[in-house]
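Trainee: Let me give you the structure first, and then I'll get to my questions.
The values are calculated or read from the model by the stated rules, or taken from the named source; none is laboratory data. None of the values given here were measured: they were computed from a predicted structure. Don't worry about glycine lacking a Cβ; one is built from the backbone with ideal geometry, like all the others, and counts go over all protein chains shown.
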């Protein structure tokens, strides 16, 4: 999870005599991103909140003869910011129907796939690409297979 502190502490390599992004523009935009994340963290109110869609449209002035920020580093960091804001901007899935005995809520296969894609895209660097299930007794077991059954999709745990 990307925090406002991560954004404020982010450093980029400086460019000289090659094209880079205008440092003031990048810094100003990242201040807005940090304010947006602070608001989501419950620590203030963003005056100009940033959305994931706005990141797709942001264009910074480039510099060549004065110091700028490395464009690839800034773009890579903005990809992380977009992923974080996309998760927060996504509408909450509708409540799952409680058709099972005992009223246990069930998540639809479509909602599960969407949630898994979002979680995979935003997992921390180096985190394993695996799925585990926490059992009612608190133990964590890996998912080893999937099966189609008459009752829906079944996760097979190891």
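Trainee: Just checking, does region 54-62 include any residue being under 14 Å from the mean Cα position of the chain (by Cα), surrounded by 11 or more Cβ atoms within 10 Å (Cβ to Cβ), at pLDDT below 85 and at negative phi?
Mentor: No, every residue in region 54-62 fails to be under 14 Å from the mean Cα position of the chain (by Cα), surrounded by 11 or more Cβ atoms within 10 Å (Cβ to Cβ), at pLDDT below 85 and at negative phi.
Trainee: Within the bounds of region 11-21, is there any residue that is assigned to a loop (DSSP other than H, G, I, E, B) and crowded, with 18+ Cβ neighbours inside 10 Å?
Mentor: Yes, the conditions are met somewhere in region 11-21.
Trainee: Inside region 37-50, can you point out the residues that are buried (at least 17 other Cβ atoms within 10 Å of the Cβ) and outside any loop (DSSP other than H, G, I, E, B)?
Mentor: If the condition is that a residue be buried (at least 17 other Cβ atoms within 10 Å of the Cβ) and outside any loop (DSSP other than H, G, I, E, B), then 37, 38 are the ones that fit.
Trainee: Residue under question is residue 34, and the condition is that it be under 15 Å from residue 84 (Cβ atoms), assigned to a helix (DSSP H, G or I) and touching a helix residue (DSSP H, G or I) at 6+ places or on another chain (Cβ under 9 Å); does it hold?
Mentor: Spelling it out, residue 34 is indeed under 15 Å from residue 84 (Cβ atoms), assigned to a helix (DSSP H, G or I) and touching a helix residue (DSSP H, G or I) at 6+ places or on another chain (Cβ under 9 Å).
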